[in-house]
Amino acid sequence: MASTTDTGKAPSSHVELLFQAQIRKARQFRINVGISWAVLLFLLIFLFSGKNIQIGSFTFETIQLDSEFMVKNASFIAQGLSQTLLISFLSIFLAMMLALLAALGRLSTFPPLYAISTFYVSLIRGTPLYLQIFFFFLALPQLGIVLPGIVAGVMALGLNYGAYMSETFRAGLSSVGRGQREAAMALGMTPGQTMRRVILPQALRFAIPPMGNDFISMTKDSALVSATGFVHEVMWRATKVGRAQFNNLEALIMAAVFYWVMTLVLTFFQGRLEARLSKGDK
């Protein structure tokens with residue numbers, strides 16, 4: 001006969017009640033956060049409504065935007081989203097490859113490989129991303145190497161983020177216990193098989209959430225590529241139409257909204273991915 005408490009309920013029922021209470025608490029928290037976001041969004045919209053508020057002898061003036069300009073040019077600026085996402089996806093792919101190679105090099109006991117990886121990380125992290133973009137776009141032509149704007153931007157972003165992400169990969173690779181490596185060797189696996197089947201799957205599980213943050217950051221840093229003038233992404237289009245019609249405030253606000261929406265969408269998918277990867281821990 002199953003043991004019961006003084007109330008006559010099985011222990012499992014108390015666990016279920018506690019679990020349901022936690023779910024209700026988490027749901028209520030999300031609702032409160034959503035309400036707070038709605039209030040903040042309303043205040044932000046009201047700030048740019050162009051209305052005046054009279055409180056006693058004080059008059060508060062909100063910002064008046066040219067709504068006609070914004071409606072007319074929203075589609076033109078939005079056309080740069082495809083360029084922004086293309087640059088971001090290509091750059092994060094290049095960064096992942098370089099980060100993995102640099103991390104393996106920093107864990108290597110072969111001095112030349114270790115030296116190359118540490119030199120790469122030190123050089124890239126020691127110079128600004130803005131400089132690196134112009135180096136590929138303006139400096140290389142003096143050596144007879146002419147790169148399109150989008151290629152120069154992808155190369156610069158990939159190299160830059162690859163150097164920073166190498167620390168994430170190195171930490172992920174180091175997090176795999178030595179015992180698992182020894183167990184793989186005991187099973188007759190070669191070093192390459194051990195890396196592919198044992199170490200990398202666990203390291204990627206650790207590294208993917210920080211990589212999601214880096215990708216979100218990269219979508220915003222891709223705006224620096226607009227400085228070349230040959231990549232017609234969101235920032236380039238916003239500054240172009242804003243300067244041409246003397247509506248820089250409205251143009252930059254629209255660009256900010258597009259970047260914000262992209263960040264919210266990517267953050268949502270990142271959260272889903274992290275929840276999926278942490279399902280085993282839960």
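The values are calculated or read from the model by the stated rules, or taken from the named source; none is laboratory data. Nothing here was measured: the structure is a model prediction, and the numbers come from that model. Backbone-built Cβ (ideal geometry, glycine too); neighbour counts: all protein chains shown.
The set of residues in the stretch 95-120 that are surrounded by fewer than 16 Cβ atoms within 10 Å (Cβ to Cβ), of a type in the set (Val, Ile, Thr) and in a helix (DSSP H, G or I) contains only Thr118. Scanning the stretch 105-155 for residues that are among the small types (Gly, Ala, Ser) and under 18 Å from Val225 (Cα atoms) yields Ala139, Gly149, Ala152, Gly153.
Only residues that are of a type in the set (Gly, Ala, Ser) and at pLDDT 75 or above were counted in the stretch 50-69, giving 1.
Look at (1) within 30 Å of the chain's Cα centre (by Cα); (2) surrounded by 16 or more Cβ atoms within 10 Å (Cβ to Cβ); (3) modelled with pLDDT of 80 or more and you find that Met195 fails only one, number (3). Pairs are defined by a Cβ separation below 6 Å, a sequence spacing of at least 6 or placement on different chains, a first member in the stretch 258-278 that is surrounded by 13 or more Cβ atoms within 10 Å (Cβ to Cβ), and a second member that is hydrophobic (A, V, I, L, M, F, W, C); the pairs so defined are Phe258/Val234; Thr263/Ile216; Leu266/Ile216. If only residues of the stretch 171-192 that are under 32 Å from the mean Cα position of the chain (by Cα) and hydrophobic (A, V, I, L, M, F, W, C) are counted, the one that is surrounded by the fewest Cβ atoms within 10 Å (Cβ to Cβ) is Ala171. Counting only helices (runs of 4 or more DSSP H) that fall entirely inside the stretch 121-191 and contain at least 3 residues that are at pLDDT 90 or above, the qualifying elements are 129-134, 149-175.
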